[in-house]
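The values are calculated or read from the model by the stated rules, or taken from the named source; none is laboratory data. Everything quoted here is computed from the prediction, not taken from an experiment. Because the Cβ atoms are built from the backbone with ideal geometry, glycine has one as well, and the counts that use them run over all protein chains shown. All accessible areas refer to the heavy atoms of the entire protein, side chains included, with ligands and DNA or RNA removed. Shrake-Rupley method; radii C 1.70, N 1.55, O 1.52, S 1.80 Å.
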Amino acid sequence: MNPINQQRWQRFSKNKMAMLSLKIFLALTIISLLSEVFFNDKALVVYYKGEMHFPFIQNAIPAKTFGLENESEANYLELQKTFRKKPEDGNWLMMPFIPYHYRSITKIDTEPIDLQLKKTEDFYSKQIKELQIDPNANKEKIYQLKLTRNQALGKLDSQKYHPLPPSLARKHFLGTDSTGRDILAQLSYGYRIAIAFAIILLIINYIIGIAIGCAMGYLGSWYDLLMQRVIEVLSNIPFLYIIIIIAAILRSHGFTMGFWALVGIYVSLGWMGMTWYMRTATLKEKSREYVLAARAAGASDTRIVFKHILPNVVSLLVTFAPFSISGSIIGLTSLDFLGYGLPKDYPSWGSLIKLGTDNIQAPWIITSIVCAMVLVLFLINAVGEGIRQAFDPKKISHFE
Amino acid sequence: MKKYLTVVGFLFFASILTIILLAARKNTFLRETRENISIADIKRPKPFPICDEQWPTDLVWHNGMDQDIFSDPKATKGGTWNTSLTSFPPNFRQVGPDSNSGFRGAMDDNDLGLVDVHPVTQKLIPALAKEWAISKDRTIVYFKIDPDAKWDDGMPVIADDFIFRLKAMRSPGIVAPWYNQYYSTMVSDILKFDKHKIAVKLPSPMADTVLKAAMRPLPYHYYGELREIRKKYPLSRAISYLKRDNKEVPPNILKIKDEYESSVTSAKEGEKTPKEPSVEITVEDVEANWVKNHNWKIQPRTGPYNISSFIKGKEVTFERNKNWWAKDKKYYKNRYNVDQIRYTVIRDTNLAFEKFKLGQLDQFALLLPNYWHSKAKYLDPVDRGYMQKLWFYTQKPEGSSQISFNLDHPRLKDKNLRLGIIYALNIQNMLDTVLYGDYERSETFHEGYGEYSHPTLKARRFNPQKAIEYFNKAGYTKIARDGVRINDKGEILSFKILYAAPFHTQRILALQNEAKKLGLHLELDNFDTTAVFKAMLNKEHEIAWHGWGAGLRPQYRGQFHQSFAHKKQNNNLSNLDDDEVSQMIDEYRFALDTPTRVELAHKIEERLFELAPAVPTYKVPYFRQGLWRWVKYPPFIATPSNDMIMDAYGLFWIDVELQKEIRAKMTKKEIIYDIPPLIKNTRYKGAP
């Protein structure tokens, strides 16, 4: 690390807010990258008849291996119960922290609820019958009793169906959605996709943006003029609309949208952002003496741009990165929310927001996703602000 | 300076005041009302000629007066029915470009046909025709038009109005190719005997003859005379149009036809067949620029209501015709009781629900399980006794929801594989969990058609053993890394399931989750509705999740006939190409008597079950809704054909006094006791 960068890092690490944000952000990212370990319906370790199995990284293990009848993959939660019933066999298994994958649907055992429903109904109808026989009882009393009965029954009945509210006992820490999938698991897997999308997009956009922007600044003349006009035209197209239109056209030609198609569409319109800054920076650096010296020494254009000019404008790239990432996350989320994004069975924040607004009577869905989104965007922006301050040339040139 | 400030201040407040005033009175100055034309001012167009044929004397006449009435004599007139639209109609035409909006139904309901169908017994009852008879060869239906029948501008309904409809629907000026084609092929002619006697000629004998011939009139005096224009058509169509109009084919067209035919026969194999030439012929047409001229015009109607005023983009008001000609007829008495029907545009369903809870809408459909079980579980107005929830089982033809396999897909050709997939679809689990156990499993492709529906056939249920057995038979014996089955060629047991409605995602996720356990992966494929539908019609899907609307009788041809297989832009989504089924469908289509048709319908269903090109999923044989208590309905609640309590049958009424009373109680939050908040009626549940 050269002294300037050392100085920058020092300045960044002095910024408490940015440092804390960076730590939390990295922690979240690591957790989500290891989602399979934390949120999974496959067991981490199964010890069966003296053998160790690691289902979460292994191929699908047929349930027969563990003494169940089924040929398909074992349901490890059930397996755990059967193991626990017979502790003398010495078999055991360890489930992840949250035993749900984003796509695993929790089945509700309705039998005890039905039983309770019947009990409650009997309890109230007995009272109502007594009142009806009683000539002194007034109408209002019976009606009130009926109302309380209906509400009690309704409360019990709602436990029979998803979405279920957050519960520690069921290990649904943020509740379930209307299909019966765990919200926390979806948040984690969805975050992984969003962040992967943003970073891949960032890299590709930067490569294209730097190449074209530097070429514009360095070569100048007709190439610069032509590209300027092209970029002006392209960047005036409303971004979200054009993505929706491209997606619709692709779809009508039998092409299903996936992760990489989405990256491709975003890149096709997103590379322009960086070109302007790179052009200006290159234009400025081009007239410096060191470039002249390099040219006099016989360096090629490519070498001058990538070896001499680029390291001098790197601060620009670094400062923009966090904001670009948060922008991409918002973009992907809004596209998913509108239904033009990732396939529907992917875990995605956009579709979670959609689910939350559709099921506003189950507030835990929308609350979870909004909190998660605000938190992540705040962290990224805080880190970005820290980087921007650390790279601020004014601070370096002034005496502190 | 002070003076200046005063002037500016005055102007400022004056403009604000004007804006407020305008906003408050926008209802009056944006509202467009229907013009009233007195009967004396109406120009009568030239009547159509009377036909040469003789009115037959040996006919057996029916008048349908032997059915029971289905309205409640206690119904009182008055009140306004407030209801909502999701978008404002693009125009008020019922044919032509962009006319097929949801709002068209509201206008169609107020156009009576010649005969109607009794909602309980499904027998014919009179409407514009007082009596009808069928000729012996079952190709001509004779109608005596009710002499009382009138348009709502006071003009009588006469034979010319029916002839005008036929001619107008065949004319190019309405820009509606489907109507042009339908009225050119399904009705051959209308004969006028006198003002009130007509006969509708059908091209061939058909089942349900009277209904096929029971047209709706179009006001001839309103649209005016037809004109003749020269128009270019492709050769074959031009000739068929000339024949339809009983005109001779001119020699120059015959010559072009001969030339074209000889060029087609002489064309060598592999060469492109020559393009069909176009020829110019004379056809009758409606007025020039008909489509544009009639976008926002309000046509006279024969039904109880017509549009009286509207605010573009906001609302449409229908008003009851107080002097409606049929108001004292047996089957129309005590129906259509509210004075006004007001359609307000509310684009968001959630917003409409909120407005319903405030009493701004009189009823709300609670059909979707998440509304019934969750959003409308506790409604304050219900608990306080102002509102009622109603669950009514109906018995009308069910739209058919199904999962279709594309048999042109190289792997889905294998019947074993299809059966494996069908046995791996846990539809019952989906109904029980995602749909709250509310919807019912469909057994066949056509349910609720009375005797036409197969009484005993049961759809294949989820069966893990059988699914695995059939997957093994189809060669998918091994299980790959992620638990999905794989065959010897390395093909994964994974298929894309294409569907249109985003809110169906949960349902398919539930299926996907259960199928995964058996080694079948269903990949969700969803997009914008129009694009999805286009992809389905182009047969780009592997598996399609879709539904068809219901008709009066089961329709098999479009969906299962081999003439549509392997071709784009038709409804045979499974590309089923089976000789036996197609033959039975052809027989079914031209069979005349009901028992044969019923038997054929059952046989077709059995054969379809055997072939398994598709699997029926679920049906919803009821309506559910919330209803304010001032909406009154007959003691039998509704007919088995009702869509809702407040619907086109018009059996309900609004108790205006009670409405005032309840609104007063609402402000005081007084509770009304002793009224059942929930009514569940299962009178028409199950097979008839």
Handout entry: Test for B:F356: is it outside any helix (DSSP H, G or I), buried (at least 21 other Cβ atoms within 10 Å of the Cβ) and away from chain A (no Cβ under 14 Å)
Key = no
Exercise for the section: Restrict the check to the range B:636-651 and report whether at least one residue is over 14 Å from B:H446 (Cα atoms) and in contact with an Asp or Glu (Cβ under 6 Å, 6 or more places away or on another chain). Expected result: yes
Exercise for the section: Kindly provide the set of residues from the range B:372-407 that are among the hydroxyl-bearing types (S, T, Y) and either farther than 30 Å from B:Y449 by Cα or free of Cβ contacts under 8 Å to residues at least 60 places away in the same chain (or both), ordered by number. Expected result: B:S374, B:Y378, B:Y386
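Residue-by-condition table, conditions (1) at pLDDT 90 or above; (2) of a type in the set (K, R); (3) more than 30 Å from B:A638 (Cα to Cα):
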{"position": "B:P126", "(1), (2), (3)": "yes, no, no"}
{"position": "B:I134", "(1), (2), (3)": "yes, no, yes"}
{"position": "B:Y142", "(1), (2), (3)": "yes, no, yes"}
{"position": "B:V157", "(1), (2), (3)": "yes, no, yes"}
{"position": "B:K167", "(1), (2), (3)": "yes, yes, yes"}
{"position": "B:L191", "(1), (2), (3)": "yes, no, yes"}
{"position": "B:D194", "(1), (2), (3)": "yes, no, yes"}
{"position": "B:A199", "(1), (2), (3)": "yes, no, yes"}
{"position": "B:M206", "(1), (2), (3)": "no, no, yes"}
Exercise for the section: At least 2 residues that are in contact (Cβ under 8 Å) with a residue 24 or more places away in the chain and either within 23 Å of B:D380 (Cβ to Cβ) or open to solvent by 40 Å² or more (accessible area, probe 1.4 Å) (or both) in each: list the strands (runs of 3 or more DSSP E) lying fully within the range B:609-688 that qualify. Expected result: B:622-628, B:678-681
Fill in the blank from the handout: Restricted to the range B:510-524 and to residues being open to solvent by 10 Å² or more (accessible area, probe 1.4 Å) and under 32 Å from the mean Cα position of the chain (by Cα), the residue nearest to B:R411 (Cα to Cα) is B:E523
Practice task
Would you please name the residue that is nearest to the other protein chains (Cβ to nearest Cβ), looking only at residues in the range B:474-526 that are among the charged types (D, E, K, R) and more than 22 Å from B:V434 (Cα to Cα)?
Solution key: B:R481
Exercise for the section: Go through the range A:100-112 and count every residue that is more than 13 Å from chain B (Cβ to nearest Cβ) and either in contact (Cβ under 8 Å) with a residue 12 or more places away in the chain or not in a helix (DSSP H, G or I) (or both). Expected result: 0
Practice task
Collect the residues in the range A:60-72 that are within 10 Å of another protein chain (Cβ to nearest Cβ) and open to solvent by 60 Å² or more (accessible area, probe 1.4 Å), keeping them in residue-number order.
Solution key: A:N70, A:E71
Completion exercise
Checking B:I16, B:I39, B:I20 in turn, the sole residue that is of a type in the set (A, V, I, L, M, F, W, C), open to solvent by less than 90 Å² (accessible area, probe 1.4 Å) and without any contact (Cβ under 8 Å) to a residue 12 or more places away in the chain turns out to be B:I16
Practice task
Among residues belonging to the range A:357-375 that are of a type outside the set (V, I, T) and away from chain B (no Cβ under 13 Å), point out the one that is surrounded by the fewest Cβ atoms within 10 Å (Cβ to Cβ).
Solution key: A:C371
Handout entry: Any chance B:L457 is in a loop (DSSP other than H, G, I, E, B), closer than 19 Å to B:P621 by Cβ and either touching a Cys at 6+ places or on another chain (Cβ under 6 Å) or within 14 Å of chain A (Cβ to nearest Cβ) (or both)
Key = no
Practice task
Return yes or no: is B:K539 within 14 Å of another protein chain (Cβ to nearest Cβ), within 26 Å of the chain's Cα centre (by Cα) and either in contact (Cβ under 8 Å) with a residue 60 or more places away in the chain or open to solvent by less than 10 Å² (accessible area, probe 1.4 Å) (or both)?
Solution key: yes
Problem - Answer residue from the range A:152-178, given it is free of Cβ contacts under 8 Å to residues at least 24 places away in the same chain and open to solvent by 30 Å² or more (accessible area, probe 1.4 Å) and is farthest from the other protein chains (Cβ to nearest Cβ) among those - result: A:L168
Handout entry: Identity of the residue in the range A:92-151, in contact with a Gly (Cβ under 9 Å, 6 or more places away or on another chain) and among the hydrophobic types (A, V, I, L, M, F, W, C), that ends up surrounded by the fewest Cβ atoms within 10 Å (Cβ to Cβ)
Key = A:I108
Exercise for the section: Would you check which residues across the range B:182-195 are touching a Phe, Trp or Tyr at 6+ places or on another chain (Cβ under 9 Å) and open to solvent by 50 Å² or more (accessible area, probe 1.4 Å) and list them? Expected result: B:D194
Practice task
Answer yes if at least one residue in the range B:301-314 is at pLDDT below 95, out of contact with any helix residue (DSSP H, G or I) (no Cβ under 6 Å at 6 or more places or on another chain) and open to solvent by 60 Å² or more (accessible area, probe 1.4 Å), and no otherwise.
Solution key: yes
Problem - Wholly within the range B:513-598, helices (runs of 4 or more DSSP H) carrying at least 1 residues that are in contact with a His (Cβ under 8 Å, 6 or more places away or on another chain) - result: B:529-537, B:579-590
Fill in the blank from the handout: So, first residue part of a helix (DSSP H, G or I) in the range A:1-25, second residue of a type outside the set (S, T, N, Q) and open to solvent by 90 Å² or more (accessible area, probe 1.4 Å), Cβ within less than 8 Å, six or more apart or across chains; the pairs are A:W9/A:M1; A:R11/A:K395; A:S21/A:F378
Handout entry: Positions within the range A:344-356 being within 12 Å of the chain's Cα centre (by Cα), in a helix (DSSP H, G or I) and within 14 Å of chain B (Cβ to nearest Cβ), in sequence order
Key = A:G350, A:S351, A:L352, A:I353
Practice task
Look through the range A:243-263, keep the residues that are part of a helix (DSSP H, G or I) and modelled with pLDDT under 80, and return whichever of them is farthest from the other protein chains (Cβ to nearest Cβ).
Solution key: A:I243
Handout entry: Residue match in the range B:168-187 (condition: under 16 Å from B:I134 (Cβ atoms), assigned to a helix (DSSP H, G or I) and touching a residue at least 40 places away in the same chain (Cβ under 8 Å))
Key = no
